Amino acid sequence: MIIQLPVSVREKGEIYVAECPVFHLSREGQTFKEALKNIKNDLETFLDDEKVQKEYQEVIKDYSIRDIEIVDVVVNPK
């Protein structure tokens, strides 16, 4: 299952802090990409726990991707 979660990243001095408000998790990194990678790893570890999955079952369902299709749309510049 894939879920999409909001994550914000802000610069704090010489580090970057990534935060996921849905699960109140945050993680630091030396770069923007490292902070994102770290929060993603923490979220995956957190959500891999059976107790967490049961506790947050509805939240996980709300953020899960369901039957998404990608369509190409042509836009003619005016």
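Of all residues in region 58-78, those satisfying the criterion of being in contact (Cβ under 8 Å) with a residue 40 or more places away in the chain and either aliphatic (A, V, I, L, M) or assigned to a loop (DSSP other than H, G, I, E, B) (or both) are Ile60, Ile65.
So for region 42-57 (the condition being without any contact (Cβ under 8 Å) to a residue 40 or more places away in the chain, charged (D, E, K, R) and in contact with a strand residue (DSSP E or B) (Cβ under 9 Å, 6 or more places away or on another chain)), does at least one residue qualify? Yes: region 42-57 contains one or more residues that are without any contact (Cβ under 8 Å) to a residue 40 or more places away in the chain, charged (D, E, K, R) and in contact with a strand residue (DSSP E or B) (Cβ under 9 Å, 6 or more places away or on another chain). Filtering region 9-27 to residues that are open to solvent by 60 Å² or more (accessible area, probe 1.4 Å) and either assigned to a strand (DSSP E or B) or not charged (D, E, K, R) (or both) leaves Arg10, Glu11, Lys12, Gly13, Glu19, Pro21, His24, Ser26, Arg27. Within region 28-78, the set of residues being within 21 Å of Tyr16 (Cα to Cα), surrounded by 10 or more Cβ atoms within 10 Å (Cβ to Cβ) and either under 12 Å from the mean Cα position of the chain (by Cα) or among the aromatic types (Phe, Trp, Tyr) (or both) comprises Phe32, Ala35, Leu36, Lys37, Asn38, Ile39, Lys40, Asn41, Asp42, Leu43, Phe46.
The values are calculated or read from the model by the stated rules, or taken from the named source; none is laboratory data. Quick caveat, the model's predicted, so the values are computed rather than measured. Ideal geometry is used to build each Cβ from the backbone, glycine not excepted, and the neighbour counts take in all protein chains shown. Keep in mind that these areas ignore ligands, DNA and RNA; they rest on the heavy atoms of the full protein, side chains included. Shrake-Rupley method; radii C 1.70, N 1.55, O 1.52, S 1.80 Å.
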